[in-house]
1. Rank these for me by crowding, F98, F44, going from fewest to most other beta carbons within 10 Å.
2. In degrees from 0 to 90, rounded to the nearest 10, what is the angle of the helix 74-100 Cα long axis to the longest principal axis of the chain?
3. Quick one: net charge around L119, please, counting Lys, Arg +1 and Asp, Glu -1 for every other residue with C-beta under 15 Å from its C-beta.
4. Quick one: helix 106-132 against the long Cα principal axis of the chain, what's the angle to the nearest 10°, folded into 0 to 90?
5. Order 106-113, 14-21, 58-65 from most to least packed using the mean count of other Cβ atoms within 10 Å.
6. So what is the relative contact order of segment 35-132, in percent, for Cα pairs below 8 Å that sit 6 or more residues apart?
7. Can you compute 3J(HN,Hα) from phi for each residue in segment 48-58, using the Karplus curve 6.51 cos²θ - 1.76 cosθ + 1.60 with θ = phi - 60°, rounded to whole Hz and x for Gly and Pro?
8. Go through segment 24-30 residue by residue and turn each phi into a ³J(HN,Hα) via Karplus (6.51, -1.76, 1.60, θ = phi - 60°); whole Hz please, and just put x for glycine and proline.
Amino acid sequence: MDAAVSKPAAPTVERSVADQRMRKLLLLPENGPKVSIFEAQQAFSKSIAISATRCLVTYVALPLLAPIVDLTGTVGGILGLVLSAISMTAIFFAARRFFAADHKYRWAYAGVGAAIYVLLIVGIVADVRHLLS
């Protein structure tokens, strides 16, 4: 093989200004290669499973366990903060995969993820207020 022969350059992907800004926000390389759509959908499934688990624990398990185990004090608030942080992290990484794959539903997921972030932030504020009172 001749050492002077170089590999062909990877094709560049044309992205909108909004996509470029979102990629920057998600800490993705601006002109990075696409990742597998399968990976994006797998990350989405994990994110939904984590969020569903958080909701079940927060809104079903904790209220049922509260009379049995004292979760009304700091334990419940701290548990809520931890579960919210885990959910927010899962949503962030799923969004990264969607945008890295240039998935056709990446903006729909971003909207759903943003709405869930707002709800989680409201919950975090409530938990912090409860812990500080």
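1. Values: F98 28, F44 21.
The most exposed by this proxy come first: F44, F98.
2. It is inclined by approximately 20 degrees.
3. Values: positive: R54; negative: D127.
Net charge around L119: 0.
4. 30
5. Working: 106-113: 16.1, 14-21: 11.1, 58-65: 12.8.
The densest-packed peptide leads the list: 106-113, 58-65, 14-21.
6. Details: 63 pairs, mean separation 40.6, N = 98.
It rounds to 41 percent for segment 35-132.
7. Each residue of segment 48-58 in turn: 5, 5, 5, 5, 5, 4, 4, 5, 4, 5, 5 Hz.
8. With coefficients 6.51, -1.76 and 1.60, one gets 5, 4, 8, 6, 9, x, 4 Hz.
Each value in this text was obtained by applying a stated rule to the coordinates, not by laboratory testing. As the structure is a computational prediction, the values presented were derived from the model and not from experiment. Heads up, the Cβs are rebuilt from the backbone with ideal geometry, glycines too, and the neighbour counts pull from every protein chain shown.
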